[in-house]
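A.B. asks: Can you keep this structure in mind? I'll have questions shortly.
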Amino acid sequence: MKRQKGWIVTFQPEGRTAEVMQGTSLLEAARKAGVVLTTRCGGKAGCLMCKVKVEDQSAAGIQPPGDAERRKLGSLLDEGVRLACQAAVRSNVTVHTPEDPLKAAVRRRLEAARRGDEDELW
């Protein structure tokens, strides 16, 4: 039996990727890529904790939002925000995940050190 080719989901800012089959949720793809997306509702669009942002050029790579996602996100959908538990992959896509605050602080300090901005280190 011939293996079907999957779609590549890239998670930024980490640059991690996962190859998944069409119809896989972004939440499942994130887990496969080792990207932690917090959720309390078990993927039922109840907690809104798994929000991600899909780049404009990648928007076609995700199935359109269903009724539950539209009700929960409203105008955030216009900004490319999707619920990872509801958004299903239909082609290659790049997704931006919220950055952990501690990791973000460390990253900013390392970038400042590389630029020579010592004042930002303390």
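The values are calculated or read from the model by the stated rules, or taken from the named source; none is laboratory data. Being a predicted model, the structure only gives us computed values, none of them experimental. Because the Cβ atoms are built from the backbone with ideal geometry, glycine has one as well, and the counts that use them run over all protein chains shown.
Conditions (1) of a type in the set (A, V, I, L, M, F, W, C); (2) more than 20 Å from residue 16 (Cα to Cα), marked per residue:
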residue: 47; (1), (2): yes, yes
residue: 57; (1), (2): no, no
residue: 64; (1), (2): no, yes
residue: 81; (1), (2): yes, no
residue: 87; (1), (2): yes, no
residue: 95; (1), (2): yes, no
residue: 114; (1), (2): no, yes
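A.B. asks: Out of region 11-26, which residues are surrounded by fewer than 19 Cβ atoms within 10 Å (Cβ to Cβ) and not in a loop (DSSP other than H, G, I, E, B)?
C.D. replies: Of everything in region 11-26, those that are surrounded by fewer than 19 Cβ atoms within 10 Å (Cβ to Cβ) and not in a loop (DSSP other than H, G, I, E, B) turn out to be 12, 16, 17, 19.
A.B. asks: Let me ask something else about it. Quick one: residue 8 ticks every box in (1) without any contact (Cβ under 8 Å) to a residue 40 or more places away in the chain; (2) farther than 27 Å from residue 106 by Cβ; (3) not in a loop (DSSP other than H, G, I, E, B) bar one, so which box is it?
C.D. replies: The failed condition is (1).
A.B. asks: Taking residue 27 as the residue in question, decide whether it is touching a Leu at 6+ places or on another chain (Cβ under 7 Å) and at pLDDT 95 or above. Give the derivation first.
C.D. replies: Details: touching a Leu at 6+ places or on another chain (Cβ under 7 Å): yes; at pLDDT 95 or above: yes.
So residue 27 fits the description; yes.
A.B. asks: Looking only at residues that are surrounded by 18 or more Cβ atoms within 10 Å (Cβ to Cβ), among the hydrophobic types (A, V, I, L, M, F, W, C) and not in a strand (DSSP E or B) in region 41-81, which one is nearest to the chain's Cα centre (by Cα)?
C.D. replies: Checking each candidate, the answer is 50.
A.B. asks: Another question about this same structure. Starting from region 94-111, keep only residues that are hydroxyl-bearing (Ser, Thr, Tyr), then list their pairs with residues that are assigned to a strand (DSSP E or B) and surrounded by 13 or more Cβ atoms within 10 Å (Cβ to Cβ) whose Cβ atoms are within a distance under 6 Å, requiring at least 6 positions of separation or different chains.
C.D. replies: That search, which allows pairs on different chains as well, returns 94/10; 97/11; 97/52.
A.B. asks: Return only the number of the condition from (1) in a loop (DSSP other than H, G, I, E, B); (2) over 15 Å from the mean Cα position of the chain (by Cα); (3) of a type outside the set (A, V, I, L, M); (4) surrounded by fewer than 13 Cβ atoms within 10 Å (Cβ to Cβ) that residue 38 does not satisfy.
C.D. replies: Failed condition: (2).
A.B. asks: A further question on this structure: Identify, from the list 36, 20, the residue that is β-branched (Val, Ile, Thr) and at pLDDT below 95. Steps first, please.
C.D. replies: Numbers: 20 fails: at pLDDT below 95.
Just one listed residue meets the conditions, 36.
A.B. asks: Would you confirm whether or not region 45-57 contains a residue that is touching a residue at least 40 places away in the same chain (Cβ under 8 Å), of a type outside the set (Phe, Trp, Tyr) and more than 16 Å from residue 10 (Cα to Cα)?
C.D. replies: There is at least one residue in region 45-57 that is touching a residue at least 40 places away in the same chain (Cβ under 8 Å), of a type outside the set (Phe, Trp, Tyr) and more than 16 Å from residue 10 (Cα to Cα).
A.B. asks: So how many residues does region 37-94 have that are over 12 Å from residue 26 (Cβ atoms), touching a Cys at 6+ places or on another chain (Cβ under 8 Å) and among the polar types (S, T, N, Q)?
C.D. replies: Matching residues across region 37-94 total 1.
A.B. asks: Separate question: Quick one: in region 82-110, of everything that is of a type in the set (Gly, Ala, Ser) and not in a strand (DSSP E or B), which residue is nearest to the chain's Cα centre (by Cα)?
C.D. replies: Of the residues in region 82-110, the ones of a type in the set (Gly, Ala, Ser) are 84, 87-88, 91, 104-105.
Going one step further and asking which of them are not in a strand (DSSP E or B), we end up with 84, 87, 91, 104-105.
Working: 84: 7, 87: 10, 91: 15, 104: 16, 105: 20 Å.
Once the filter is applied, the top-ranked residue is 84.
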